[in-house]
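Q: Structure provided below as C-alpha cells; questions to follow.
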C-alpha cells in the first residue's frame, strides 16, 4: 500500500516546501508595506527597442551637430576654390586683353591695314590675282564637341537633402 501511495502521487512529495516557497514569492511581490509591487509596463524587447530608438535619434542629432559645426570650413574651402578659379579666369582675360591691344596697335599701322585687306581679298595696284585649279586645301581639324557637365540626379526626399546638407554634393 505504501508503494501505491507513492505511485499515485509521485510529484506531491515535499508539498509543504512548495507551499512555503509560493508564500515567500507572494510576500516578496507585496514588499514590506504589504502592497503589491506594480508590474512593469514595458517588456524586455519593448525596452530594448526604445533604447535603440533613443540611440538612433541621438546619433542622428550628433551627426547633424557635427555637420553644422563643419559647414563653415567646408564653405570656406568651396569659396577658396571659387576664388582661385576666378583669379585664373581673370589672368586669362588680362592676357587676352593684352593680345587684343597689341593687335589693335598693329592694325593701326600701314602694314596691319595691308595684311587685313589681303585677308579680305584686296590686291595692291599692279598685282594680278592667280587662280590655281585642282588644288585641295588640307581639311581643317574639327574640334570635338564639348561634353556637357554631368547632371547629378541626386537623391530625392529627406535622405537626399540630409546627404546634401552633410556633404554639399
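The values are calculated or read from the model by the stated rules, or taken from the named source; none is laboratory data. Since the structure is predicted, the reported quantities are computational estimates derived from the model, not experimental observations. Cβ placement follows ideal geometry from the backbone for every residue including glycine, while neighbour counts extend to all protein chains displayed.
Q: Find all pairs meeting these conditions: Cβ atoms under 8 angstrom apart; at least six residues apart or on different chains; first residue within segment 95-121 and free of Cβ contacts under 8 Å to residues at least 24 places away in the same chain and on the phi < 0 side of the Ramachandran plot; second residue surrounded by fewer than 10 Cβ atoms within 10 Å (Cβ to Cβ) and not in a helix (DSSP H, G or I).
A: 114/124
Q: What is the residue count in segment 106-162 for residues that are surrounded by 10 or more Cβ atoms within 10 Å (Cβ to Cβ), at pLDDT 70 or above and under 59 Å from the mean Cα position of the chain (by Cα)?
A: Looking only at that region, the number is 12.
Q: Quick one: which of 92, 76, 84, 67 is part of a helix (DSSP H, G or I), within 46 Å of the chain's Cα centre (by Cα), surrounded by 10 or more Cβ atoms within 10 Å (Cβ to Cβ) and in contact (Cβ under 8 Å) with a residue 60 or more places away in the chain?
A: 67
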